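Chemist: After the structure tokens below, expect a handful of questions from me.
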């Protein structure tokens, strides 16, 4: 790791009773910045906008004059749910809301005046792969709606020499590879959730070694060492330190 030995002192001047200006600095060793190698994983609620996929489990109830049944359904590998006496309904890649509309359109063809309810039981699981500068690289099984930070937690977090700002997620869809470039600082400091994205089946997460950093000392909330990216300005670095 290449450190840039640039010490940025943000000095706060206060007027003492004697009229003397006193510049204060903070010693890095006595007040180190603790980077968020791990964050609490908060399970996100499943709403009707959730996009279904193979492995998702649903609970369908149909009630009417001649029928009163309930079924536990699983989205199959080819993307269907199989409803007894009705048949296959394609569900993969559409929202729960859209599936409800599909069922509502199909049901009257089989049961006149019947009502139904569709509940979501549990999300699908899939594997992702984490490599590079993390504590325990490897493959991990995660649920749908798992974000990048949660997966990094499973790998023990980013190593002390690992990069937070040049993380790559390689995603393959229909034999086409896409690379997402992630800057976790933007998520930590600005709440930019696009920099803590949902993961998809087969994602490969690579955490490189941190290349360049600066140390910020003085009257800031979080003095310490910060990774920098090309194009960062002085004000950007000071903002990161609060």
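Chemist: Whole Å is fine, so just give me how far the alpha carbon centre of region 108-141 lies from that of region 218-242.
Modeler: 39 Å
Chemist: What is the Cα coordinate range of region 137-187 on the first, second and third principal axes, sorted by size from largest, in whole angstrom?
Modeler: Principal axes ranked by extent give 36, 22, 19 Å for the Cα atoms.
Chemist: For residue 234 and residue 180, what is the calculated FRET efficiency with R₀ set at 30 Å and r taken between the beta-carbons, to the nearest 0.05?
Modeler: Plugging the Cβ-Cβ distance into 1/(1 + (r/R0)^6) gives 0.60.
Chemist: What FRET efficiency comes out for residue 114 versus residue 82 if R0 is 22 angstrom and r is the Cβ-Cβ distance? Round to the nearest 0.05.
Modeler: Efficiency, from the Cβ-Cβ distance: 0.75.
Chemist: Further, regarding this structure: Mind sorting 171, 229, 165, 112 by how few other Cβ atoms lie within 10 Å of their own Cβ, fewest first?
Modeler: Neighbour counts put them in this order, fewest first: 112, 229, 171, 165.
Chemist: Can you tell me how much longer the chain between residue 48 and residue 172 gets when fully stretched, taken as 0.36 nm per residue apart minus their C-alpha distance, in nm with one decimal?
Modeler: Here the answer is 42.0 nm.
Chemist: Compute the orientation-averaged projected area for region 57-122 from the convex hull of its Cα atoms and round it to one decimal in nm².
Modeler: Quarter of the Cα hull surface area: 4.1 nm².
Any read-out appearing in this document is the output of simple, stated calculations on the displayed coordinates, not a laboratory observation. The model shown is predicted, which means the values in this text are computed figures rather than measured ones. Every residue, glycine among them, receives a Cβ derived from its backbone with ideal geometry; neighbour counts consider all protein chains shown.
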